[in-house]
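Contents: one structure, followed by commentary.
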Amino acid sequence: MEVVYRFLLTPRWWGINVFVLLAIPFCVFMGSWQLGRFEDRVDDHRDAEARVTSDKREAARPLDRLLPVTKATSGKQTTATGRYDEQLLVPDRTLDGRNGHYVLTLLRTDTGKALPVVRGWLPGAPDPAKAPAPPAGEVTVTGALQASETPGSNGVSARGGLPDGQTAAISAASLVNLVPYDVYDAWVTLNRGDAGMKAVPASAPGGTGLDLKAFQNLGYTAEWFAFVGFVIFMWFRLLRREVELARDAELGLGPAADTADARRR
């Protein structure tokens, strides 16, 4: 080994080299694991979107047989009978690239609870005068079962102070404060828009889409692989510095040579 590289055999450099040899495979493993998590979420998203399409072709089942809403039952076709009651508008909802609002009507069932039913979508700002009134008398609705929304996630507005007759999120927790009866912890979007309104497509269940967590996994992947490059860069930088110092010492230059001269004097 060339004289200038003898420092690699010192305890300090043994420690540095062991750290580098352990850090690189660890970072590669963690980066690969995070990438795998991202790919799993992409696959889940594709599967969920495919299930939404296939569920629409299935025969509708009674509501009570599909509750509570889970990833397995979300998007399934369901049917319920009752009488329409309170009607609310859900602002800030986009469909086909256009901003608008949902028309949400509560269906009072014979269980005493009300089922939130999205009868359709209308463009523009919410206006109760333009929202079609629900059919009178007993009706049977058929549509896709959906889980209660969480304000602030998946594009659901979390803003408060809405006018009377509006709600930001379709959830039992929000609606129970607006109506004087119990509400199912679920909602249904009709397969066909009522009274000329556009039908609102069913969405994939939460936790199966390309959400913030998925892109966090992708970001962590980049960070782990970037750290591999940083470790290698720092190792070569330290190596180069030590070589330069060793060569300077051989030539009688630098702090090490000055110290040796001072001792000889």
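A short reminder: the numbers here are calculations on the coordinates, not readings from a lab. Computed from a predicted structure; not experimentally measured. Note that we place each Cβ from the backbone using ideal geometry, even for glycine, and neighbour counts take in every protein chain shown.
Based on C-alpha pairs under 8 angstrom that are at least 6 apart in sequence, the stretch 59-201 has a relative contact order of 28 percent.
Sorted ascending by nearby beta carbons within 10 Å, beginning with the fewest, TYR102, TYR84, TYR220 become TYR220, TYR84, TYR102. From most to least packed by mean Cβ count within 10 Å, the peptides 185-191, 76-82 give 185-191, 76-82. Remark: the stretch 59-201 carries a charge dipole of roughly 420 debye about the Cα centre, counting +1 on each Lys and Arg Cβ and -1 on each Asp and Glu Cβ.
Mind checking which lysines have their C-alpha under 22 Å from LYS130, skipping anything on the same chain fewer than 8 residues away? Partners within reach: LYS198. When peptides 85-91, 131-137 are sorted by average Cβ neighbour count within 10 Å, with the highest value leading, the order is 85-91, 131-137.
Judged by the gyration tensor of its Cα atoms, with axes a ≥ b ≥ c, the stretch 59-201 is rounded; a/c sits under the 1.5 cut. Taking other C-beta atoms within 10 Å as the exposure proxy, HIS45, HIS101 rank HIS45, HIS101 from fewest upward. For VAL179 and LYS71, the FRET efficiency from 1/(1 + (r/R0)^6), where r spans their Cβ atoms and R0 equals 25 Å, is about 0.35.
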